[in-house]
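Participant: Below you will find the structure I want to go over with you.
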Amino acid sequence: MAPSLKVTVNGMEFDNPFVLGSGPPGTNARVIAKSFELGWGGMICKTISLDASKVINTNPRYGKLRARESNEVVGFENIDLISDRPFDTWIDELTQLKKNFPKKILVASIMEEYRKEAWIEITKRVQATGVDGFELNFSCPHGLPERKMGAAMGENPAIVEEVTGWVKEVSTIPVWAKMTPNTGDVTAAPRGALKAGADGIAAINTISSIIGIDLKTLRPMPSVEGHAITGGYSGQAVRPIALRHVMEIARAFPGVAISGIGGIETGFDAAQFFLLGSSTVQICTGAMLQGYEMIAKVKEELTQFMVDHKFEDLRDFIGKSLPYFTTHADLVAKQKAAKAARVGAGKDNETWKGEISKETDSLTATK
Ligand SMILES: Cc1cc2nc3c(=O)[nH]c(=O)nc-3n(C[C@H](O)[C@H](O)[C@H](O)COP(=O)(O)O)c2cc1C
């Protein structure tokens, strides 16, 4: 029997755990409908706010980091803001989408200014469309912080707790809080959100970055009239950082629903997020670079991974790699003990320090 990719998280029944992350892939009802038809398990719409007239984008707003030899895009920077489409249009579209796709999971990403009335209003009005859940965007690192929104809130655990509490006062559907990686203590903001009743944590949003300087003009990129701001970094290059954030959150809050995000482009990338405690994963840049059709490939790859390991259900391996993180002192102790056991068994006469210097030599030799 083929393994099942179905997963239920906070009562939301996902056909498969692949969710399109908030961003250009969920920019309007037409593309959201297309992604449901193609088989995505869920969809987070582009972040919406009550007054889109305050959202003014620039061009260009993307920058790419390419591998030196293959030219493959390995990192991606954007200075895209939240949705600049009118709130009422979104309300109509979300309502229609839920009518046409009642069984598909549609999550609304919302963001507002630091005012209780605004958060209560957006929560009530969006909830009335019938969406399945909320994702609170506490994490956009550019543009919005100038209005004290996005990462400006997410950097402050007390504000995350307060705002999540406002949403939870009126929300009757699950609420995920989406975290910024641009903080010191990875667990502080999730702790605030969970204290206020958040049902899950989504991590990570983009990493504050500068994609590069144009060496002809000496101007930073992406250059808007010769000037720039720092942007949000995503794509393959951020995956190791995202994995670390998910691991820290999963270990700090066992059993909490985590939606893992950052640099996922294959089903095998996704498997690593499940092994570290995610129960769904989100893909944004990968879908921008490969197209919505990538869903067929990532589902196949995850299924292949499950067949290889004889896992029948995602819950068979969610969090399975978490127990193997420890302290450095413990690694040293474990290595000493393993070495002693090998020497005792007459299999190894070298010191473990010698093994480490062999490893360093081989690294230098490849240069
Ligand atoms: C162009 C672009 C626009 C984005 N817009 C949003 C947004 O409106 N709201 C949000 O929560 N995250 C937004 N994100 C962040 C993504 O949802 C995701 O957290 C991040 O890019 C890391 O995942 P990835 O490497 O799969 O893209 C955006 C990302 C990109 C690349």
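The values are calculated or read from the model by the stated rules, or taken from the named source; none is laboratory data. Only a predicted model underlies this, so the values are computations on that prediction, with no experimental measurement involved. All Cβ positions, glycine included, derive from the backbone under ideal geometry; neighbour counts span all protein chains shown.
Participant: Among residues belonging to segment 170-184 that are part of a loop (DSSP other than H, G, I, E, B) and in contact (Cβ under 8 Å) with a residue 60 or more places away in the chain, point out the one that is farthest from the chain's Cα centre (by Cα).
Facilitator: So the first thing to find is which residues in segment 170-184 are part of a loop (DSSP other than H, G, I, E, B), and the list is 171-174, 179-184.
Then keep just the ones that are in contact (Cβ under 8 Å) with a residue 60 or more places away in the chain; that gives 174, 179, 181.
Values: 174: 17, 179: 8, 181: 10 Å.
Taking the candidates together, the pick is 174.
Participant: Shifting gears a bit: Limited to segment 40-57, what total is found for residues that are crowded, with 22+ Cβ neighbours inside 10 Å and either of a type in the set (Phe, Trp, Tyr) or more than 22 Å from residue 292 (Cα to Cα) (or both)?
Facilitator: Keep residues of segment 40-57 that are crowded, with 22+ Cβ neighbours inside 10 Å, which gives 40-49.
Adding the requirement that they be either of a type in the set (Phe, Trp, Tyr) or more than 22 Å from residue 292 (Cα to Cα) (or both) leaves 40, 49.
Matching residues across segment 40-57 total 2.
Participant: Go through 60, 102 for me and flag whichever is assigned to a loop (DSSP other than H, G, I, E, B) and either away from the ligand (no atom under 13 Å from the Cβ) or more than 30 Å from residue 214 (Cβ to Cβ) (or both).
Facilitator: On the way: 60 fails: either away from the ligand (no atom under 13 Å from the Cβ) or more than 30 Å from residue 214 (Cβ to Cβ) (or both).
Within the list 60, 102, the selection yields 102.
Participant: Within segment 117-125, can one find any residue that is within 16 Å of the ligand (Cβ to nearest atom), among the β-branched types (Val, Ile, Thr) and either in a loop (DSSP other than H, G, I, E, B) or within 28 Å of residue 289 (Cβ to Cβ) (or both)?
Facilitator: No - not one qualifying residue is present in segment 117-125.
Participant: Determine whether residue 60 is in contact with a strand residue (DSSP E or B) (Cβ under 9 Å, 6 or more places away or on another chain) and exposed (fewer than 12 other Cβ atoms within 10 Å of the Cβ).
Facilitator: Values: in contact with a strand residue (DSSP E or B) (Cβ under 9 Å, 6 or more places away or on another chain): yes; exposed (fewer than 12 other Cβ atoms within 10 Å of the Cβ): yes.
Criteria met by residue 60.
Participant: I'm told residue 96 meets every condition in (1) more than 18 Å from the chain's Cα centre (by Cα); (2) at pLDDT 95 or above; (3) part of a helix (DSSP H, G or I); (4) more than 19 Å from residue 35 (Cβ to Cβ) except one. Can you identify the failing condition by its number?
Facilitator: Status for residue 96: all satisfied but (4).
Participant: Still on this structure, I have one more. So which of 54, 64 is assigned by TED's automatic domain parsing to the domain that holds residue 212 and over 27 Å from residue 121 (Cβ atoms)? Explain how you work it out, then say what you get.
Facilitator: Working: 54 fails: over 27 Å from residue 121 (Cβ atoms).
After ruling out the rest, the residue left standing is 64.
Participant: Filter segment 19-31 down to the residues that are more than 11 Å from the ligand (Cβ to nearest atom) and either over 29 Å from residue 117 (Cα atoms) or part of a loop (DSSP other than H, G, I, E, B) (or both) and list them by number. Give the derivation first.
Facilitator: Pass one, segment 19-31, residues more than 11 Å from the ligand (Cβ to nearest atom): 28-31.
The answer is 28, 30, 31.
Participant: Out of all the residues in segment 37-51, is one or more in contact with a helix residue (DSSP H, G or I) (Cβ under 9 Å, 6 or more places away or on another chain), over 16 Å from residue 286 (Cβ atoms) and charged (D, E, K, R)?
Facilitator: Checked against the condition, which is being in contact with a helix residue (DSSP H, G or I) (Cβ under 9 Å, 6 or more places away or on another chain), over 16 Å from residue 286 (Cβ atoms) and charged (D, E, K, R), segment 37-51 yields at least one hit.
Participant: Next up: May I ask you to list the residues in segment 301-343 that are of a type in the set (D, E, K, R), touching a residue at least 24 places away in the same chain (Cβ under 8 Å) and more than 20 Å from residue 8 (Cα to Cα)?
Facilitator: Hit for segment 301-343 is 301, nothing else.
Participant: Still on this model: Residue 37: part of a strand (DSSP E or B), more than 15 Å from the ligand (Cβ to nearest atom), of a type in the set (Asp, Glu) and surrounded by fewer than 23 Cβ atoms within 10 Å (Cβ to Cβ), yes or no?
Facilitator: Numbers: part of a strand (DSSP E or B): no; more than 15 Å from the ligand (Cβ to nearest atom): yes; of a type in the set (Asp, Glu): yes; surrounded by fewer than 23 Cβ atoms within 10 Å (Cβ to Cβ): yes.
Taking the combined requirement at face value, the residue does not satisfy it.
Participant: Any residue at all in segment 75-84 that is of a type in the set (Val, Ile, Thr), more than 14 Å from the ligand (Cβ to nearest atom) and in contact with a Gly (Cβ under 9 Å, 6 or more places away or on another chain)?
Facilitator: Going residue by residue through segment 75-84, those that are of a type in the set (Val, Ile, Thr) are 79, 82.
Narrowing further to those that are more than 14 Å from the ligand (Cβ to nearest atom): none.
For segment 75-84, residues of a type in the set (Val, Ile, Thr), more than 14 Å from the ligand (Cβ to nearest atom) and in contact with a Gly (Cβ under 9 Å, 6 or more places away or on another chain): absent.
Participant: With a cut-off of at least 2 residues that are in contact with a helix residue (DSSP H, G or I) (Cβ under 7 Å, 6 or more places away or on another chain) and crowded, with 22+ Cβ neighbours inside 10 Å, name the strands (runs of 3 or more DSSP E) lying wholly within segment 221-336.
Facilitator: Numbers: elements: 231-234, 257-261, 280-283.
In segment 221-336, the matching strands (runs of 3 or more DSSP E) lie at 257-261.
Participant: What is the number of the single condition among (1) in contact with a Lys or Arg (Cβ under 8 Å, 6 or more places away or on another chain); (2) assigned to a helix (DSSP H, G or I) that residue 43 does not meet?
Facilitator: Every condition holds for residue 43 apart from (2).
Participant: Now, a different point. Identify, from the list 318, 356, the residue that is within 37 Å of the chain's Cα centre (by Cα), modelled with pLDDT under 95 and not hydroxyl-bearing (Ser, Thr, Tyr). Walk me through how you get there before you give the answer.
Facilitator: Details: 318 fails: modelled with pLDDT under 95.
Result of the check over 318, 356: 356.
Participant: Does segment 82-104 hold any residues that are under 25 Å from residue 142 (Cβ atoms) and touching a residue at least 12 places away in the same chain (Cβ under 8 Å), and which are they? Let's see the steps before the verdict.
Facilitator: So in segment 82-104, the residues under 25 Å from residue 142 (Cβ atoms) come out as 82-87, 89-90.
Within segment 82-104, 82, 83, 84, 85, 86, 87, 90 meet the criteria.
Participant: Next up: Among all residue pairs at least 6 apart or on different chains, which show Cβ distances below 7 Å where the first residue, located in segment 256-268, is within 8 Å of the ligand (Cβ to nearest atom) and the second is assigned to a loop (DSSP other than H, G, I, E, B)?
Facilitator: Here the result reads 261/21; 261/204; 262/204; 263/235, each pair linking segment 256-268 to a residue that is assigned to a loop (DSSP other than H, G, I, E, B).
Participant: Next up: In segment 2-49, which residues are hydroxyl-bearing (Ser, Thr, Tyr) and farther than 23 Å from residue 266 by Cβ?
Facilitator: At the first step, the residues of segment 2-49 found to be hydroxyl-bearing (Ser, Thr, Tyr) are 4, 8, 22, 27, 35, 47, 49.
Result: 8, 27, 47, 49.
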